[in-house]
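Have a look at the structure below, then the notes.
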Amino acid sequence: MIAGMTSAASTLILVVTAGGRNPQILINALHARFNNVTILLEEPESKSVFLKRRIRKLGLVTALGQFATMVASKFGKRFTEKRGAEIVGQYDVDDSENPTVPVIAIASINTPSAIGHIRTINPAVVFLVSCRMLSASTLSAMPCPVINFHAGINPHYRGLMGGYWARVENDEANFGATVHLVDAGVDTGDILYQSRMTPSKNDTIHTYPLLQTAASTDIAIRAVEDALSGNLKPLPANGNSRQWYHPPIWAWLWNGFSRGIW
């Protein structure tokens, strides 16, 4: 189906996610605006699968360094709850689970079962947030536009930790989020909307994605509105393009202690 076209019989918004606080904010914002929302909830990917993939792609040392950052940052997350609550209050968003939104549990979006659910549901738009990358066969099976929320400004900060890397690169003008169409690449699809915000000195790798999400519910809503009305107007993702990952532990500690960027 051509981007911008929707099924005449459907107005349903299908959100695909592995769950979590930040996706819940977007789910609640979409549900408050449109009501007709269903969730396909993926099982989280195992750490062993994640680590093996990173080792194949980046090498053993870098992959282990990134994994160490993930472990350390998860431990430190408990110390950022005050700032997290401030962000939720500042942007008046809701991060609580909503029992009125239907949830369908799936192992992965890239399974015949998931595709079967999608064909049965027949959504007008599929909205991705914090889920697995769609395989080529899954993407080709989608019956409607597929939109992704990315916590980073594309194409400069594709992949992971876009806000963190914008700060490390002295590029806070590109601290923000992107809503884009999904193609076969990693956050390489044409851009629908972007939003930019200024992080607080109290923000860290734990709260950057929360800030980017909470400040960007409006662009998620606008993109879905455009999809439902058949009025998507994507723009090419021009500019310097790079895929980023978690910082390895030594880089994270160095930037934290020497520059105050945690």
Query raised in the report: Do any GluC sites (Glu not before Pro) in the stretch 56-101 lie in a loop, going by DSSP, with at most 15 other beta-carbon atoms within 10 Å of their beta carbon, and if so which?
Result: Glu97
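Could you work out how much longer the chain between Glu172 and Gln243 gets when fully extended? Use 0.36 nm per residue separation minus the Cα distance between them, nm to one decimal.
Values: separation 71, 0.36 × 71 = 25.56 nm, distance 1.74 nm.
23.8 nm is the gain from fully extending Glu172 to Gln243.
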Requested in this report: Work from the charge dipole of the stretch 162-253 (Cβ charges, +1 for Lys and Arg, -1 for Asp and Glu, about the Cα centre) and give the residue of His246, Thr217, Gln194 farthest towards its positive end.
Outcome: His246
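On full extension of the chain, what length is gained from Thr62 through Phe257, given 0.36 nm per residue of separation minus the C-alpha to C-alpha distance?
On the way: separation 195, 0.36 × 195 = 70.20 nm, distance 2.01 nm.
Full extension from Thr62 to Phe257 adds 68.2 nm.
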Report task. Please report, in cubic angstrom per residue, the volume enclosed by the convex hull of the alpha-carbon atoms of the chain. Result -> 123 Å³
Report summary line: Fewest-first ordering of Thr213, Thr100 by Cβ atoms within 10 Å yields Thr100, Thr213
Query raised in the report: Among all the lysines, which ones have a C-alpha under 24 Å from Lys233's C-alpha, if same-chain residues fewer than 8 places away are not counted?
Result: none
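When a footprinting reagent is the concern and you count Cβ atoms within 10 Å, what order do Phe34, Phe79 take, fewest first? The partial results should precede the final answer.
Working: Phe34 17, Phe79 10.
Fewest-to-most Cβ neighbours within 10 Å comes out as Phe79, Phe34.
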Report summary line: Total charge of the residues flanking His180 in space, meaning their Cβ is under 11 Å from its Cβ, with Lys and Arg +1 and Asp and Glu -1, is -2
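Net charge near Ser200, counting Lys/Arg +1 and Asp/Glu -1 over other residues with Cβ under 10 Å of its Cβ? Please list the in-between numbers first.
Working: positive: Arg83, Lys201; negative: Glu86, Asp203.
Summing Lys/Arg as +1 and Asp/Glu as -1 gives 0.
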Query raised in the report: What is the distance in Å between the Cα centres of the stretch 86-109 and the stretch 203-245?
Result: 17 Å
Query - Projected label distance in nm at Glu86 and Val103, using a 7 Å step from Cα toward the beta-carbon - result: 3.0 nm
Report task. Determine ³J(HN,Hα), in whole Hz, for all residues of the stretch 186-191 in sequence, where each value follows from phi through the Karplus function 6.51 cos²θ - 1.76 cosθ + 1.60 and θ = phi - 60°; x replaces Gly and Pro. Result -> 8, 6, 9, x, 4, 8
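Figure the gain on full extension for Asp218 and Ser46 (residue separation times 0.36 nm, minus the Cα-Cα span) and round it to one decimal in nm. Before the final figure, lay out the partial values.
Details: separation 172, 0.36 × 172 = 61.92 nm, distance 3.22 nm.
Here the segment from Asp218 to Ser46 would lengthen by 58.7 nm.
Relative contact order for the chain: what is it in percent, counting Cα pairs under 8 Å that are at least 6 residues apart? Before the final figure, lay out each step's value.
Numbers: 481 pairs, mean separation 69.5, N = 262.
Computed over the chain, the figure is 27 percent.
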Query raised in the report: List the aspartates and glutamates whose alpha-carbon lies under 17 Å from that of Lys77, not counting same-chain residues fewer than 8 positions away?
Result: Glu86, Asp95, Asp203
Report task. Would you calculate the separation in nanometres between label points at Met197 and Arg119, each defined as 7 Å from the Cα along the Cα-to-beta-carbon direction? Result -> 4.0 nm
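Can you sort Thr80, Thr204 by how many other beta carbons sit within 10 Å, fewest first? Before the final figure, lay out the partial values.
Numbers: Thr80 19, Thr204 22.
By the 10 Å Cβ count, ascending: Thr80, Thr204.
Mind putting a number on the dipole of the stretch 13-259 about its Cα centre? Charges go on the C-beta only, +1 for Lys and Arg and -1 for Asp and Glu, and I need it in Debye to the nearest 20.
840 debye
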Query raised in the report: Residues of the stretch 175-195 with amide nitrogen under 20 Å from the 7 Å Cα-to-Cβ point of Ala32?
Result: 177-179, 194-195
Report summary line: Taking Cα atoms only, helix 60-76 is inclined relative to the longest principal axis of the chain by an angle, in degrees rounded to 10, of 90 degrees
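Read-outs: derived from the displayed coordinates by stated rules, not from any lab. No experiment lies behind these values; they were computed from the predicted model shown. For neighbour counting, all protein chains shown are included, and Cβ atoms are generated from backbone atoms with ideal geometry for every residue, glycine included.
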